[in-house]
Amino acid sequence: LYMVCATSPMSEGPPEEGKVPGNLRTLLAGLDTSGVQVANHNELSAIEMGSPEEALLMLQLEALLAEQTGSDDQKVMARWETFKAASVYKWYPCKELPLWCLRARSHTVEGAAELLPRVMSMMEELEIGVGDQKQLHADLQSKAIIDTGTKDAHGRAIIWMRLRYIDSTRSSASDIARLFTTVLLHALRDTGVQRHGFVWLADCSRSSFMNITPATVNAFWRTVLPNVPICLGRVFIVNPPWFISQIMWPIVSSFLPLALRKSHVLIYGARKELWAERLAHFDVPDSSIPTELGGLADVDSEAYATSVIHSLHISTEE
């Protein structure tokens, strides 16, 4: 048996109580993942991107946002403009982020208006694109989370997370959440990703307790995924060690609604050829799977990190 879907029967708790499950349960208490938009390629918005219909919806969104206030009673759009001007995103068109929200919510104006303030709160909390960028520079170069530049059969970007490259002694949970968010925001520059979303390829090969902490898991599900204006297609957990498959995943899955649990696929096996075979079964072709995972995609992690650093004008000068 090389693949177990998230809907498979599980025990009600981990095999033994301990610090990791206890901390994780406490951190995830009250978790609300209703903001995570699960992508469904069979239910795409009928509104074409760049069409007159979309332009009309943007006008409606702008009118609705003009009525909203955010922190300190500041209008949401003014809040975004102020944040953008002080960040590495200052070159973004002002309407870019609201447009991403509209597309992420299948052109539902009310949904986009509700999402934008949450995106702003997340960016402010994680200090996305502001302040000292040296830690982000180091995290990007770690190769822990990258956009492969490939897509699945439904046009969804494949975001590759290699847990073994996450060093919790050098990068905090907030640092990794900032990295994840930065990678997703960079991927959203592709209009296809704005429409179709992404696939999360969680490569657990040769990972240990030092690579994934309860705080990082909590940051992913509480801070990043519900608030980034992007749809989540599937989550592939490849070659998970026992502490993820038997402890962390049963705990996390108990906090997720059924649709989100069903988007997860655990892939086991010692041979990467088997991993590629199972990924292909879920519409990820060989040409889109990194060679490290048995596919044909030659992914240049260093070139990716350099391109993101350059595009965000991140400086490491003293």
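Annotations for the structure displayed:
- Close pairs (8 angstrom Cβ cut-off, 6 or more residues apart or separate chains): of a type in the set (A, V, I, L, M) in the range 67-81, modelled with pLDDT under 75 and not in a helix (DSSP H, G or I) anywhere: Val76/Gln68; Val76/Thr69; Val76/Gly70
- For the range 139-153, a residue qualifies if it is part of a helix (DSSP H, G or I) and either out of contact with any Asp or Glu (no Cβ under 9 Å at 6 or more places or on another chain) or of a type in the set (Val, Ile, Thr) (or both), and exactly one does: Leu140.
- So Glu125, is it within 21 Å of Phe180 (Cα to Cα) and free of Cβ contacts under 8 Å to residues at least 12 places away in the same chain: no
- Criterion violated by His186 - all others in (1) in a loop (DSSP other than H, G, I, E, B); (2) over 22 Å from Thr26 (Cβ atoms); (3) out of contact with any Leu (no Cβ under 7 Å at 6 or more places or on another chain) satisfied: (1)
- Scoring Pro229 on the criteria (1) touching a helix residue (DSSP H, G or I) at 6+ places or on another chain (Cβ under 8 Å); (2) at pLDDT 95 or above; (3) not in a loop (DSSP other than H, G, I, E, B) leaves a single failure, condition (3).
- Condition check for Glu43: at pLDDT 85 or above and either in a helix (DSSP H, G or I) or more than 28 Å from Met210 (Cβ to Cβ) (or both): no
- Condition check for Val36: buried (at least 17 other Cβ atoms within 10 Å of the Cβ) and modelled with pLDDT under 80: no
- From the options Ser87, Ser106, Ser121, residue that is open to solvent by less than 20 Å² (accessible area, probe 1.4 Å), modelled with pLDDT under 95 and of a type in the set (S, T, N, Q): Ser87
- When restricted to residues that are surrounded by 18 or more Cβ atoms within 10 Å (Cβ to Cβ) and part of a helix (DSSP H, G or I), the range 262-273 contains 1.
- Restricting Ile145, Ile176 to those that are within 14 Å of Thr306 (Cα to Cα), at pLDDT 95 or above and of a type in the set (Val, Ile, Thr) reduces the list to Ile145.
Each row is one residue, and each column tells you yes or no for (1) more than 13 Å from the chain's Cα centre (by Cα); (2) open to solvent by 20 Å² or more (accessible area, probe 1.4 Å).
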{"site": "Lys134", "(1), (2)": "yes, yes"}
{"site": "Asp139", "(1), (2)": "yes, no"}
{"site": "Lys143", "(1), (2)": "yes, yes"}
{"site": "Ala157", "(1), (2)": "no, no"}
{"site": "Tyr165", "(1), (2)": "yes, yes"}
{"site": "Arg178", "(1), (2)": "no, yes"}
{"site": "Leu185", "(1), (2)": "no, no"}
{"site": "Asp190", "(1), (2)": "yes, yes"}
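- Restricting the range 274-293 to residues that are open to solvent by 30 Å² or more (accessible area, probe 1.4 Å) and touching a helix residue (DSSP H, G or I) at 6+ places or on another chain (Cβ under 8 Å), the residue that is nearest to Thr150 (Cα to Cα) is Asp286.
- Residue match in the range 93-103 (condition: farther than 30 Å from Ala202 by Cα and of a type in the set (Phe, Trp, Tyr)): no
- Long-range neighbours under 6 Å by Cβ, at least six apart or interchain, first residue more than 12 Å from Arg234 (Cβ to Cβ) within the range 259-274, second part of a helix (DSSP H, G or I) and among the aliphatic types (A, V, I, L, M): Lys272/Leu293
- Scanning the range 286-318 for residues that are assigned to a loop (DSSP other than H, G, I, E, B), at pLDDT 90 or above and over 21 Å from Pro240 (Cα atoms) gives Leu296, Asp298, Val299, Asp300.
The values are calculated or read from the model by the stated rules, or taken from the named source; none is laboratory data. No experiment lies behind these values; they were computed from the predicted model shown. Cβ atoms come from the backbone with ideal geometry, glycine included; neighbour counts cover every protein chain shown. These accessible areas exclude ligands, DNA and RNA; they are computed on the full protein's heavy atoms, side chains included. Shrake-Rupley method; radii C 1.70, N 1.55, O 1.52, S 1.80 Å.
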